[in-house]
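One structure, as C-alpha coordinates, below. Some questions next.
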Amino acid sequence: MTVSKIERRIKIKFRIRKKVVGTAERPRLSVFRSNKQIYAQVINDKVGTTLAAASSLGLEKMNKSEQAKKVGLLIAEKALAAGISEVVFDRNGYLYHGRVQSLADGAREGGLKF
(Lines give C-alpha, C1' and ligand atoms only; values in the text may rest on other atoms or scores of the structure.)
Protein backbone atom coordinates (compact mmCIF):
# COMPACT_ATOMS: atom_id res chain seq x y z
CA MET A 1 0.00 0.00 0.00
CA THR A 2 1.52 3.29 -1.08
CA VAL A 3 1.17 6.48 0.89
CA SER A 4 0.99 9.78 -0.93
CA LYS A 5 3.27 12.69 -0.10
CA ILE A 6 0.44 14.62 1.57
CA GLU A 7 -0.68 11.67 3.71
CA ARG A 8 2.92 11.13 4.82
CA ARG A 9 3.29 14.80 5.85
CA ILE A 10 0.02 14.65 7.82
CA LYS A 11 1.24 11.56 9.71
CA ILE A 12 4.49 13.32 10.57
CA LYS A 13 2.55 16.46 11.54
CA PHE A 14 0.41 14.59 14.08
CA ARG A 15 3.48 12.87 15.50
CA ILE A 16 5.14 16.27 16.03
CA ARG A 17 2.00 17.92 17.44
CA LYS A 18 1.74 15.27 20.17
CA LYS A 19 5.00 16.63 21.60
CA VAL A 20 5.01 20.34 20.65
CA VAL A 21 2.52 22.49 22.58
CA GLY A 22 2.51 26.28 22.81
CA THR A 23 1.88 27.97 26.16
CA ALA A 24 1.55 31.61 27.16
CA GLU A 25 5.20 31.71 28.29
CA ARG A 26 6.50 29.81 25.27
CA PRO A 27 4.07 29.83 22.31
CA ARG A 28 4.36 27.67 19.20
CA LEU A 29 5.84 29.06 15.97
CA SER A 30 3.97 27.19 13.24
CA VAL A 31 5.11 27.20 9.61
CA PHE A 32 3.02 26.52 6.50
CA ARG A 33 4.48 26.53 3.03
CA SER A 34 2.58 26.39 -0.22
CA ASN A 35 4.11 26.18 -3.67
CA LYS A 36 4.42 29.96 -3.98
CA GLN A 37 4.16 31.45 -0.45
CA ILE A 38 5.26 30.76 3.11
CA TYR A 39 3.35 31.65 6.27
CA ALA A 40 4.28 31.72 9.97
CA GLN A 41 2.12 32.10 13.09
CA VAL A 42 2.90 32.35 16.78
CA ILE A 43 0.12 30.45 18.58
CA ASN A 44 -0.89 30.00 22.22
CA ASP A 45 -2.45 26.52 22.23
CA LYS A 46 -3.81 26.76 25.78
CA VAL A 47 -6.21 29.54 24.76
CA GLY A 48 -6.28 28.83 21.02
CA THR A 49 -5.25 32.29 19.84
CA THR A 50 -2.79 33.57 17.27
CA LEU A 51 -0.48 36.12 18.85
CA ALA A 52 1.47 37.16 15.72
CA ALA A 53 1.46 36.24 12.04
CA ALA A 54 3.55 36.98 8.95
CA SER A 55 3.57 35.81 5.35
CA SER A 56 5.36 36.36 2.08
CA LEU A 57 2.27 37.73 0.32
CA GLY A 58 3.27 41.40 0.34
CA LEU A 59 6.99 40.95 -0.24
CA GLU A 60 8.82 41.87 -3.44
CA LYS A 61 9.91 39.19 -5.89
CA MET A 62 12.99 37.20 -4.87
CA ASN A 63 13.83 33.54 -4.61
CA LYS A 64 11.78 31.46 -2.19
CA SER A 65 14.43 30.86 0.47
CA GLU A 66 15.19 34.60 0.66
CA GLN A 67 11.45 35.24 1.03
CA ALA A 68 11.32 32.70 3.86
CA LYS A 69 14.19 34.42 5.64
CA LYS A 70 12.38 37.77 5.37
CA VAL A 71 9.22 36.18 6.80
CA GLY A 72 11.31 34.82 9.68
CA LEU A 73 12.62 38.31 10.40
CA LEU A 74 9.08 39.73 10.20
CA ILE A 75 7.60 37.16 12.58
CA ALA A 76 10.45 37.74 15.04
CA GLU A 77 9.84 41.50 14.93
CA LYS A 78 6.09 41.07 15.51
CA ALA A 79 6.60 38.51 18.28
CA LEU A 80 9.11 40.71 20.11
CA ALA A 81 6.67 43.63 19.83
CA ALA A 82 4.02 41.39 21.46
CA GLY A 83 6.44 40.56 24.31
CA ILE A 84 7.40 37.07 23.14
CA SER A 85 11.08 36.12 23.12
CA GLU A 86 10.98 32.30 23.33
CA VAL A 87 8.97 29.94 21.14
CA VAL A 88 8.81 26.25 20.29
CA PHE A 89 9.28 25.54 16.58
CA ASP A 90 6.60 23.52 14.77
CA ARG A 91 7.79 22.59 11.29
CA ASN A 92 4.30 21.20 10.56
CA GLY A 93 5.46 17.94 9.00
CA TYR A 94 7.89 19.55 6.56
CA LEU A 95 11.55 18.59 6.53
CA TYR A 96 13.85 21.03 8.34
CA HIS A 97 15.52 21.98 5.09
CA GLY A 98 15.30 24.70 2.49
CA ARG A 99 12.58 27.28 3.07
CA VAL A 100 11.62 25.99 6.53
CA GLN A 101 15.23 26.20 7.68
CA SER A 102 15.61 29.69 6.16
CA LEU A 103 12.53 30.88 8.05
CA ALA A 104 13.89 29.47 11.31
CA ASP A 105 17.29 31.10 10.71
CA GLY A 106 15.61 34.43 9.99
CA ALA A 107 13.55 34.19 13.18
CA ARG A 108 16.70 33.45 15.18
CA GLU A 109 18.48 36.42 13.58
CA GLY A 110 15.46 38.57 14.49
CA GLY A 111 15.89 37.71 18.16
CA LEU A 112 13.61 34.70 18.84
CA LYS A 113 14.97 31.81 20.87
CA PHE A 114 13.92 28.19 20.30
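The values are calculated or read from the model by the stated rules, or taken from the named source; none is laboratory data. It should be emphasised that the depicted structure is a prediction, and the values quoted were computed from it without experimental measurement. Don't worry about glycine lacking a Cβ; one is built from the backbone with ideal geometry, like all the others, and counts go over all protein chains shown.
Being among the hydrophobic types (A, V, I, L, M, F, W, C) and without any contact (Cβ under 8 Å) to a residue 60 or more places away in the chain is the requirement here; does Ala76 meet it?
Working: among the hydrophobic types (A, V, I, L, M, F, W, C): yes; without any contact (Cβ under 8 Å) to a residue 60 or more places away in the chain: yes.
The answer is yes for Ala76.
Checking Val31 against (1) touching a residue at least 24 places away in the same chain (Cβ under 8 Å); (2) farther than 22 Å from Ile6 by Cα; (3) among the hydrophobic types (A, V, I, L, M, F, W, C), which test does it fail?
For Val31, the failing item is (2).
Still on this structure: From the residues in the range 1-13 that are hydrophobic (A, V, I, L, M, F, W, C) and either modelled with pLDDT under 90 or exposed (fewer than 10 other Cβ atoms within 10 Å of the Cβ) (or both), which one is nearest to His97 (Cα to Cα)? Steps first, please.
As a first pass, look at the range 1-13 and keep what is hydrophobic (A, V, I, L, M, F, W, C): 1, 3, 6, 10, 12.
This time we only want the ones that are either modelled with pLDDT under 90 or exposed (fewer than 10 other Cβ atoms within 10 Å of the Cβ) (or both), so: 1, 3, 6.
Details: Met1: 27, Val3: 22, Ile6: 17 Å.
For the range 1-13, the residue satisfying everything is Ile6.
Just need a number here: residues in the range 58-102 that are of a type in the set (Gly, Ala, Ser), surrounded by fewer than 12 Cβ atoms within 10 Å (Cβ to Cβ) and closer than 19 Å to Lys36 by Cβ.
Residues in the range 58-102 being of a type in the set (Gly, Ala, Ser), surrounded by fewer than 12 Cβ atoms within 10 Å (Cβ to Cβ) and closer than 19 Å to Lys36 by Cβ: 1 in total.
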